[in-house]
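Undergrad: Have a look at this one.
The values are calculated or read from the model by the stated rules, or taken from the named source; none is laboratory data. A quick note: this is a predicted structure, and the numbers were derived from the prediction, not measured. We place every Cβ from the backbone using ideal geometry, glycine too, and count neighbours over all the protein chains shown.
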């Protein structure tokens, strides 16, 4: 992980997503490929590629890469991109770049990739006023129960994110990986129910204090409602409930990620005091 740490310190943003970091910490998977480039005995760069779901209509493959600051401008980034495309065997490769850095944009252009998607990170203070949540009639709120709620939650997650290429494809393995992480806490995983069935959820996360930061930061980790709950106000109520939960646990800042094209969600978050903080970009060959 020294490569990741060096890149984070040099660029001011982590080069790899949580998904890839979990993969690295837990070991290799048949659903992915990992590539490295070396300078002597040193790891100069790393790339990750997710293999397509055989049951999915989209057979494209998503990847990420990072080059050590000491070994940049030597063609390693270009070599890793070429290796990822070769490993994809003709399938479309989509590359995530975190922080919208000029160097990443330049590498993408030189490799013939164009910007196709952007993911905003938004933040707000938890010290400011947070309204009381107003849940639709008949809604009850409880917390997630490990070893009991997984299958029902995965079904709701698939339906809530049917059009989302990453979140909607989560498997039981993906969920259990996170349940075994040190940060996982069911008390921050809120479940809304109607008539005893899950209708929506707000899974919050608490990040440890980063170097140079004032303290820990909370996250609207995953927020979703069933298709039949769209427009009912359940999503807004769950958001507020989660924010108040994070504040009650002593946090003063919260973040979230939202797709730049998801205008309704962005409007809701802005109405709750969130502002754009940074951007992650996906590139694909033109």
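Undergrad: Of everything in the stretch 11-33 that's in contact with a strand residue (DSSP E or B) (Cβ under 6 Å, 6 or more places away or on another chain) and under 15 Å from residue 87 (Cβ atoms), which residue is modelled with the lowest pLDDT?
TA: Out of the qualifying residues, it is 32.
Undergrad: Among the listed residues 268, 282, which satisfies the condition of being part of a strand (DSSP E or B) and either touching a residue at least 60 places away in the same chain (Cβ under 8 Å) or not assigned by TED's automatic domain parsing to the domain that holds residue 95 (or both)?
TA: The unique qualifying residue is 282.
Undergrad: Which one is modelled with the lowest pLDDT, of the residues in the stretch 176-209 that are within 26 Å of residue 23 (Cα to Cα) and loosely packed, with under 12 Cβ neighbours inside 10 Å?
TA: It comes out as 209.
Undergrad: For residue 82, indicate whether it is in contact with a helix residue (DSSP H, G or I) (Cβ under 8 Å, 6 or more places away or on another chain) and not assigned by TED's automatic domain parsing to the domain that holds residue 268.
TA: no
Undergrad: OK, next. Would you call residue 153 in a helix (DSSP H, G or I), in contact with a strand residue (DSSP E or B) (Cβ under 8 Å, 6 or more places away or on another chain), touching a residue at least 24 places away in the same chain (Cβ under 8 Å) and closer than 27 Å to residue 61 by Cβ?
TA: It is true that residue 153 is in a helix (DSSP H, G or I), in contact with a strand residue (DSSP E or B) (Cβ under 8 Å, 6 or more places away or on another chain), touching a residue at least 24 places away in the same chain (Cβ under 8 Å) and closer than 27 Å to residue 61 by Cβ.
Undergrad: Taking the options 231, 218, 224, name whichever one is assigned to a strand (DSSP E or B), within 16 Å of residue 133 (Cα to Cα) and either out of contact with any strand residue (DSSP E or B) (no Cβ under 9 Å at 6 or more places or on another chain) or not assigned by TED's automatic domain parsing to the domain that holds residue 19 (or both).
TA: On inspection, the qualifying residue turns out to be 224.
Undergrad: When you go through (1) in contact with a strand residue (DSSP E or B) (Cβ under 7 Å, 6 or more places away or on another chain); (2) touching a residue at least 60 places away in the same chain (Cβ under 8 Å) one by one for residue 138, which number turns out not to apply?
TA: (2)
Undergrad: Then there is this: For the stretch 175-187, give me each residue that is in contact (Cβ under 8 Å) with a residue 24 or more places away in the chain and under 17 Å from the mean Cα position of the chain (by Cα).
TA: Residues satisfying the conditions are 175, 176, 177, 178, 179, 181, 183.
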